[in-house]
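The values are calculated or read from the model by the stated rules, or taken from the named source; none is laboratory data. Remember, it's a predicted structure, so these values are computed and weren't measured experimentally. Cβ sites come from the backbone with ideal geometry, for glycine too, and all protein chains shown count toward neighbours. Areas reflect the complete protein model, heavy atoms only, side chains present, ligands, DNA and RNA absent. Shrake-Rupley method; radii C 1.70, N 1.55, O 1.52, S 1.80 Å.
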Amino acid sequence: MSIETALTPSTGSQIALSEQEIFAAHRGGKLSVSSRVPLDSLRDLSIAYTPGVAQVSRAIAADPALAGSHTWASRLVAVVSDGTAVLGLGDIGPSASLPVMEGKSALFKTFGGLDSIPLVLATTDVEEIIETLVRLRPSFGAVNLEDISAPRCFELEERLIEALDCPVMHDDQHGTAVVVLAALTNAAKVVEKELGAMRAVISGAGAAGIAVAQILTDAGLGDVVLLDSRGIIHRDRDGLNAVKAVYAAKTNREGLRGGITEALNGADVVVGVSSSTIPEEALAGMNPDAIIFALSNPDPEVMPEVAQQYASVVATGRSDFPNQINNVLAFPGIFRGALDAGARRITPAMKLAAAAAIAELAAGSLAADHIVPSPLDPRVGPAVAAAVAAAV
């Protein structure tokens with residue numbers, strides 16, 4: 001029997017987890033459906049099902065808008081994946097991705113008060129995924145795209161936003177980006193720098209990296225430099241896909257070229273969202289009071305004990321180090337706020353509002369090791385939802 005270890009977010013103390021315990025918790029799945037109405041008598045059955053339910057169905061047939069108030073569809077989130085980019089496991093397929101999607105649905109319920117249903121699709125074809133979700137549209141009120149590989153995820157999200165009259169968001173992109181902006185907003189206060197005067201380097205130009213670049217640009221950051229496996233993305237580089245070409249035109253104002261060492265020379269911030277490592281010698285070229293977000297899991301691009309030699313604020317994606325950048329701070333509240341307000345889309349303004357709300361919750365006790373609230377802080381979901389609804 002193998003033993004794994006997990007760590008508590010509050011203390012970082014280790015918890016021993018046995019393989020038997022883990023598999024037992026997942027046996028039969030992590031989700032169930034429960035009735036919101038009693039079914040204890042014939043009268044209950046007559047109201048919840050036949051003949052009473054027929055009256056509700058007739059009313060919806062005459063006025064489809066009533067489905068929004070008399071079914072769960074308008075507040076049901078579909079958690080959709082094709083299993084091509086699951087956690088750090090890569091392309092493991094839809095069935096193997098289902099435990100992760102079940103977990104995501106559990107997070108929606110716990111932290112956002114929203115029902116959701118996992119939908120894993122046995123296709124990686126963008127057209128087929130779009131067609132499937134368009135046909136299923138009467139059954140849900142929002143779509144959370146999850147663990148779909150780049151660059152397909154960009155096209156899929158963009159086209160689904162146009163095809164569906166409901167909120168659509170790829171959380172791997174935008175959930176990460178929102179929490180990064182919240183964390184950077186507070187980190188900038190700690191080091192007493194203005195966002196507009198800072199240059200950020202983003203190591204990784206996949207789903208998360210592109211979204212981080214976009215939200216930091218929207219927030220008014222001085223400049224952003226993106227790197228992929230071939231180095232710095234710049235206007236004259238050949239072989240860029242369509243998405244990278246767009247960002248080559250609106251980032252890297254100084255026209256930097258080369259690799260991570262050249263990018264970090266004189267940089268204020270680095271955000272790692274790739275599986276690559278960041279060499280220590282490259283960090284030495286950053287400006288004083290640097291900020292390092294090494295977000296790859298389980299192995300950060302640079303370990304905190306090394307990063308702290310070159311930076312005043314360090315964050316990771318792990319719960320055993322301070323400043324965990326965790327998507328659960330963002331996505332439950334974003335979807336809750338969008339649905340509460342009846343929004344048809346999740347806009348850049350709503351994402352900026354979510355980031356501001358997350359940052360504000362940590363502002364009262366701001367420190368180098370506390371720039372974001374805990375993922376378990378019960379204030380987060382309601383605060384983000386309220387901010388997003390107000391932005392609508």
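Listed conditions (1) crowded, with 22+ Cβ neighbours inside 10 Å; (2) on the phi < 0 side of the Ramachandran plot; (3) not hydrophobic (A, V, I, L, M, F, W, C) are all met by residue 158, apart from (1). Taken together, the criteria place residue 312 among residues that are assigned to a strand (DSSP E or B) and surrounded by fewer than 24 Cβ atoms within 10 Å (Cβ to Cβ). Applying a threshold of 8 Å to beta carbon distances and a minimum spacing of six or more residues, or different chains, the list of pairs starting in segment 33-45 at a residue that is open to solvent by 80 Å² or more (accessible area, probe 1.4 Å) and ending at one that is in a loop (DSSP other than H, G, I, E, B) reads 45/39. Taking segment 229-298 and the helices (runs of 4 or more DSSP H) fully enclosed by it, the elements with 2 or more residues that are in contact with a strand residue (DSSP E or B) (Cβ under 6 Å, 6 or more places away or on another chain) are at 260-264. Considering segment 130-155, the residues that are touching a residue at least 60 places away in the same chain (Cβ under 8 Å) and open to solvent by 10 Å² or more (accessible area, probe 1.4 Å) include one that is nearest to residue 105 (Cα to Cα), namely 146. For segment 187-209, filtering for residues that are in a helix (DSSP H, G or I) and surrounded by fewer than 24 Cβ atoms within 10 Å (Cβ to Cβ) leaves 6. Within segment 244-279, being on the phi > 0 side of the Ramachandran plot, surrounded by fewer than 22 Cβ atoms within 10 Å (Cβ to Cβ) and touching a residue at least 24 places away in the same chain (Cβ under 8 Å) holds for 258, 266. Among the residues making up segment 46-67, a single one is without any contact (Cβ under 8 Å) to a residue 60 or more places away in the chain, among the small types (Gly, Ala, Ser) and within 26 Å of residue 118 (Cβ to Cβ): 48.
Of 339, 283, 329, 240, all but one fail to be of a type in the set (A, V, I, L, M) and touching a Lys or Arg at 6+ places or on another chain (Cβ under 7 Å); the exception is 339.
The residues of segment 80-94 that are farther than 13 Å from residue 137 by Cα, touching a strand residue (DSSP E or B) at 6+ places or on another chain (Cβ under 9 Å) and of a type outside the set (Gly, Ala, Ser), listed by number, are 82, 84, 92, 94. Within segment 200-229, residues that are aliphatic (A, V, I, L, M) sit with their Cβ atoms under 7 Å from residues that are open to solvent by 20 Å² or more (accessible area, probe 1.4 Å) and not in a helix (DSSP H, G or I), at 6+ positions apart or across chains, in these pairs: 202/273; 205/228; 207/150; 208/273; 212/273; 225/199; 225/256.
Exactly one of these conditions fails for residue 334: (1) touching a Lys or Arg at 6+ places or on another chain (Cβ under 8 Å); (2) open to solvent by 10 Å² or more (accessible area, probe 1.4 Å). Give me its number. Only one criterion in (1) touching a Lys or Arg at 6+ places or on another chain (Cβ under 8 Å); (2) open to solvent by 10 Å² or more (accessible area, probe 1.4 Å) is unmet by residue 334, namely (2).
Looking at segment 160-212, which of the residues that are closer than 17 Å to residue 372 by Cα and among the hydroxyl-bearing types (Ser, Thr, Tyr) is modelled with the highest pLDDT? Residue satisfying both the conditions and the ranking: 185. The residues in segment 280-296 that are of a type outside the set (A, V, I, L, M) and surrounded by fewer than 14 Cβ atoms within 10 Å (Cβ to Cβ) can be counted, and the count is 3. For segment 52-74, name all the residues that are in a helix (DSSP H, G or I), closer than 18 Å to residue 335 by Cα and open to solvent by 50 Å² or more (accessible area, probe 1.4 Å). Once the filter is applied, which keeps residues that are in a helix (DSSP H, G or I), closer than 18 Å to residue 335 by Cα and open to solvent by 50 Å² or more (accessible area, probe 1.4 Å), segment 52-74 yields only 69. On the given criteria, is residue 77 touching a Gly at 6+ places or on another chain (Cβ under 9 Å), open to solvent by less than 80 Å² (accessible area, probe 1.4 Å), among the β-branched types (Val, Ile, Thr) and not in a helix (DSSP H, G or I)? So residue 77 passes the test.
In segment 357-385, of all residues being open to solvent by 60 Å² or more (accessible area, probe 1.4 Å) and part of a helix (DSSP H, G or I), the one that is farthest from residue 323 (Cα to Cα) corresponds to 382.
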